[in-house]
1. Which trypsin sites (Lys or Arg not before Pro) does the range 2-78 hold that lie in a coil by DSSP with at most 16 other beta carbons within 10 Å?
2. For a Förster distance of 35 Å, can you work out the FRET efficiency between the beta-carbons of VAL18 and THR46, rounded to the nearest 0.05?
3. Taking the Cα atoms only, what angle lies between the long axis of helix 7-39 and the longest principal axis of the chain, rounded to 10 degrees?
4. Which loop-located GluC sites (Glu not before Pro) does the chain contain, where loop means any DSSP state but H, G, I, E or B and the Cβ has at most 11 other Cβ atoms within 10 Å?
5. When the label point is put 7 Å from the Cα of ASN78 along its Cα-to-beta-carbon vector, which residues of the range 1-37 have a backbone N closer than 14 Å?
6. How far, in degrees from 0 to 90, does helix 43-72 lean away from the longest principal axis of the Cα atoms of the chain, to the nearest 10?
7. Using only DSSP helix segments of four residues or longer, with each worth -39500 (n - 2.57), what per-residue ellipticity at 222 nm results for the chain after dividing by its residue count and rounding to 500?
8. Based on Cβ point charges of +1 for Lys and Arg and -1 for Asp and Glu, what charge dipole magnitude is obtained for the chain about its Cα centre, in debye rounded to the nearest 20?
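Rule-based calculations on the coordinates, nothing more; no lab input. Computed from a predicted structure; not experimentally measured. Every residue, glycine among them, receives a Cβ derived from its backbone with ideal geometry; neighbour counts consider all protein chains shown.
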Amino acid sequence: MKRVVNFWSLLGFISVSVFVATEITAGVAAAVWSISGVLHLGTFPTILLGTLIGIPGLYGIIKSTMMAFEAETDPENN
C-alpha cells in the first residue's frame, strides 16, 4: 500500500520526533553531567565521555525518527 503523506501526518511525525529527540538529549546530558561530577572529570575527559554516550544517543534519535515516520505515514493508522 502507498504511504499517506499529508500535512497532518507530517505534523505528527515532526512532533513525535522533536519530543523523543528532546528526551534522549536531556537524558544523555544528565548522564554526562552526573558521571562527570561524581568522578570529578576535567574538560577533555568530559568531552570524551559526552562523545561516548552521545553516539548511541544519536543512533536512538535517528532510529526513533525513522520509526515515527513509518508509524505516522502508515495507511492503516489513517
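1. Hits after loop and neighbour filter: LYS2, ARG3.
2. 0.85
3. 10 degrees
4. When the GluC sites (Glu not before Pro) of the chain are filtered for loop state and at most 11 Cβ neighbours within 10 Å, nothing remains.
5. Hits in the range 1-37 for ASN78 at 14 Å: 1-14.
6. The answer is roughly 10 degrees.
7. -29500 deg cm²/dmol
8. The calculated dipole for the chain is roughly 160 debye.
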